[in-house]
Amino acid sequence: MIENRSLGSKAFDTFNSIFLITLTLLCLLPFWYTLMIAFSEKEAVQAGIVSFYPIGFNLYSFDAILSDFDFFKAFWVSVQRVVLGAAFTMLVLSLAAYPLSRTSKQFPGRNLLMWAFIFCLLFNGGLIPWYITMRNYDLLDSVWGLVLAGGIPIFNMILITNFIKNLPEELEEAAKIDGAGPWRVLFQVLLPLLKPVLATVLLFTMVGHWNEFFQGMVLSTQAENYPLQTYIQQLVASANQANIGNLTLEELERISKLNNESLNAAKIFVAMIPVLLIYPFLQRYFVKGITLGSVKG
Amino acid sequence: MSTNLKNENVGLKRRRIKNPDVKHYLIMLVPAFIWLILFQIVPMFGIVIAFQDFNPGAGFLRSEFVGLEHFQYMFELSDSRVALKNTVIIAIGKITGNLLVPLVFALMLNELRQKYLVKMIQTSVYLPYFLSWVILSGIMLQIFSFNGPINKLLEFMGLEPLLFFQNADLFRGFIIGSDVWKGFGFNAIIYLAALAGIDNTLYEAAVMDGAGRWRKLWHVTLPSIRSTIALLAILSLGGILDAGFDQVYNLYNPLVYSTGDIIDTFVYRAGLQGLDFSFGTAVGLLKSVVSFILITSGYWLAKKLLGYRIF
């Protein structure tokens, strides 16, 4: 394509690049800043003089985490939750999506079941009935409560269902002619083809379980059962205490002295690491997953 | 083969011919359905406590029935009215910002010619979306604190420091802005996919007719993604009572309740922390019902106007 690039057009390109790069930095710098706080000495952080490089570089905060039993306890709860939760979700979802992708002719009653799921996706009893139910099931203070409460992301189930619908029908027919039953069709024909969408759902489920703090807070009566995000939330909440009440400057400073900002920043950063580790994989799959599932019903 | 068999049996026995796979399908659905019943449908029965004076000791069956008393109280209580107002204002701000900012960002990114730069930018801006509000709030409380870098910058520019978490006038804007910041990269994906789908010959034809970049944007790009924008706008209306619990809960404090308290945080405080189960359930129920109607209408409109079907 031959293009006539005017001066105005070039000026726009320059402005555009600079603007977008600035925007990108706005998305990255907060995390960099947190890391710098974690590396800086306490006094510099309190004085508010740390910016984009550490002042009084040290690893005390990270060292302190290593001997922080509560932190590791919470970390371990989160790891269990992610592993068990992802396994449970993937198993249930991959079994359920296939029958729901059948037409109502192939599977009478399919529509009724599908509407039951969709109704539950759009309507729920609210926080308190849910909490009372969980308590009645005796799922408080248990990692199973956290696994089952998140349970089945119905939206993701619909995503997989739509994906199966978009696969060519002939694949399944060919397998059936060769004598394959529904279980064989599911495990040997469909699941290998579903890899991209299952990978997307798996990654989202894992990130979802890792990031969830509210159920961890409500369903735990003991702090020792908190998952990591709930543990961090308690730290953040105590930092937010500094904002309550019209405090004088001296009071603000006193509270920030009690609050070890460097240590908190280090903990926040460590809590981010698992997400950062799977981020490259997330990147690869989620664009595909999002655009695929939303195409057709 | 099986079709022949079917044809011979047309008539009387037609209804009896069943797909032999159906029982296997049902078995496959058992785990999902058990979960659905235990964790979604059973809690729905708990809605009755919105109409009772629920006493946990007495249980659902023996608690006193009070009709619509809690709903009446909710409308009289100024706290719940404030929460409703804040919810709607914050949600509308977020809906607008989350539609427009990603659109502008996607259009700008689409104009960028250096592909490596596009890739680098995309990789970076998606990141905040995947981090929890707990983490992001922890970081924001630090950055926007009284002696954090933002206030140092304001000081440097000769301005007064801003108390982002104590000033009720600033709080809603802060919530909306930080939500847009978290999601704009991710929300742009759907626009970028739509932009990538535009037929290149349209642009070539426009250039032939002497169109510059602005005219191409106005006459080719925007009309081509019009239906995507409309779809996202319609579907987002269902979220008008959803102001984002995780974010508000982690950033607010009593000083900013007047502008920052939303329905979900109010339900949590009044219902669970205050142990007023019935009242909390009533407020939550009203929200659930209204949201359900809004979301369903959104899907209905999307189907009617744009032929879009999610299910």
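Any chance you could check the Cα centroid distance between the range B:244-264 and the range B:50-107 for me, in angstrom?
13 Å
Just report the Cα centroid separation between the range A:142-174 and the range A:1-52, whole Å.
Here the two parts' Cα centres lie 39 Å apart.
At a Förster distance of 25 Å, what's the computed FRET efficiency of B:Leu272 paired with B:Glu64, Cβ-Cβ distance as r, to 0.05? Could the numbers behind the result be given before it?
On the way: r = 21 Å, r/R0 = 0.84.
Given R0 = 25 Å and the Cβ-Cβ separation, E is 0.75.
I'd like to know which of A:Gly8, A:Trp76, A:Tyr53 lies farthest towards the positive end of the charge dipole of chain A, counting +1 on Cβ of Lys and Arg and -1 on Cβ of Asp and Glu.
Towards the positive end, the residue furthest out is A:Gly8.
Can you tell me the order of A:55-66, B:288-299 when each peptide is scored by its average per-residue count of other Cβ atoms within 10 angstrom, highest first?
Numbers: A:55-66: 14.9, B:288-299: 16.6.
The densest-packed peptide leads the list: B:288-299, A:55-66.
Note down the nm distance, to one decimal, between modelled labels 7 Å out along Cα→Cβ at A:Ala116 and at A:Ile273.
If labels sit at A:Ala116 and A:Ile273, their model points lie 4.5 nm apart.
If each DSSP helix of 4+ residues adds -39,500 (n - 2.57) and the sum is divided by the residues in chain A, what number results at 222 nm, nearest 500 deg cm²/dmol?
On the way: 14 runs with 208 residues, N = 297.
Roughly -23000 deg cm²/dmol at 222 nm, from the helical runs in chain A.
Evaluate peptide B:221-231: per residue, the Cβ atoms of other protein chains within 10 Å of its Cβ; return the mean as an integer.
Numbers: counts 0, 0, 0, 0, 0, 0, 0, 0, 0, 0, 1.
Partner-chain Cβ atoms within 10 Å, mean over residues of B:221-231: 0.
Taking the simple approach of a point 7 Å from Cα along Cα-to-Cβ for both B:Arg226 and B:Ile293, what is their distance in nm?
It works out to 3.2 nm between the two label points.
How much length is gained on full extension from A:Ile177 to A:Phe57, taking 0.36 nm per residue of separation minus their Cα-Cα distance?
On the way: separation 120, 0.36 × 120 = 43.20 nm, distance 6.87 nm.
Here the answer is 36.3 nm.
Taking amide H positions as placed 1.01 Å from N in the peptide plane, with prolines and chain starts having none, which residues 5 or more places from B:Asp53, or on another chain, fall under 5 Å of its amide H?
B:Glu64, B:Phe65, B:Val66
Using 14 Å as the cut-off for backbone N distance, which residues of the range B:274-311 belong to the label zone defined by a point 7 Å from the Cα of A:Asn166 along Cα→Cβ?
Only B:309-311 fall inside the zone, counting backbone N under 14 Å.
Here are some pairs, A:Lys165/B:Lys119; B:Lys115/B:Lys182; A:Lys195/B:Lys119; B:Lys94/B:Lys182; which of them have Cα atoms lying more than 21 Å apart in this structure?
On the way: A:Lys165/B:Lys119 31 Å; B:Lys115/B:Lys182 24 Å; A:Lys195/B:Lys119 24 Å; B:Lys94/B:Lys182 11 Å.
As for pairs spanning more than 21 Å Cα to Cα, those are A:Lys165/B:Lys119; B:Lys115/B:Lys182; A:Lys195/B:Lys119.
At 18 Å minimum axial length over the Cα atoms and a Kyte-Doolittle cut of 1.6, report the qualifying DSSP H helices in chain B, or say none.
Numbers: long enough: B:22-36 (20 Å, 1.63); B:78-111 (49 Å, 0.96); B:168-196 (42 Å, 1.04); B:277-306 (42 Å, 1.22).
Qualifying helices, which must be both long enough and hydrophobic enough, are B:22-36.
Hey, got the average number of other protein chain Cβ atoms within 10 angstrom for residues in A:47-53? Walk me through the numbers before you get to the answer.
Values: counts 1, 9, 3, 4, 3, 1, 0.
Taking all residues of A:47-53 together, the mean is 3.
Pairs of Cα atoms under 8 Å, at least six residues apart: use those to get the relative contact order of chain B, whole percent. Please report the intermediate quantities before stating the final value.
Numbers: 291 pairs, mean separation 81.4, N = 311.
Reported relative contact order: 26 percent.
Quick one: helix A:110-122 against the long Cα principal axis of chain A, what's the angle to the nearest 10°, folded into 0 to 90?
10 degrees
Tilt of helix A:249-258 relative to the longest C-alpha principal axis of chain A, in degrees (0 to 90, nearest 10)?
Roughly 60 degrees between the two axes.
If I fit a long axis through the Cα atoms of helix A:261-293 and take the longest principal axis of the Cα atoms of chain A, what angle between them do I get, 0 to 90°, rounded to 10?
Value to nearest ten degrees: 30.
Averaged across A:233-241, how many Cβ atoms of other chains sit within 10 Å of each residue's Cβ atom? Intermediate results must be reported in sequence, preceding the final value.
On the way: counts 9, 1, 2, 12, 7, 0, 5, 9, 1.
What the average comes to for A:233-241 is 5.
What shape does the range A:1-151 have by the C-alpha gyration tensor, where a ≥ b ≥ c are the square roots of the eigenvalues, rounded means a/c under 1.5, and otherwise prolate means a/b greater than b/c and oblate the rest? Provide the component values of the computation, followed by the final result.
Numbers: a/c = 3.18, a/b = 1.28, b/c = 2.48.
It comes out oblate by the Cα gyration axes.
With an 8 Å Cα cut-off and a minimum separation of 6 or more residues, compute the relative contact order for chain A in percent. Intermediate values should be presented prior to the final figure.
Numbers: 262 pairs, mean separation 86.3, N = 297.
This gives 29 percent for chain A.
When the Cα centres of the range A:177-227 and the range B:117-153 are compared, how far apart do they sit, in Å?
Cα centroid of the range A:177-227 versus Cα centroid of the range B:117-153: 28 Å apart.
The numbers here are math on the coordinates, done by the rules we state, and not lab data. For clarity, every value in this text was computed on a predicted model and none was experimentally measured. No Cβ is skipped: glycine too gets one built from the backbone with ideal geometry, and neighbour counts run over all protein chains shown.
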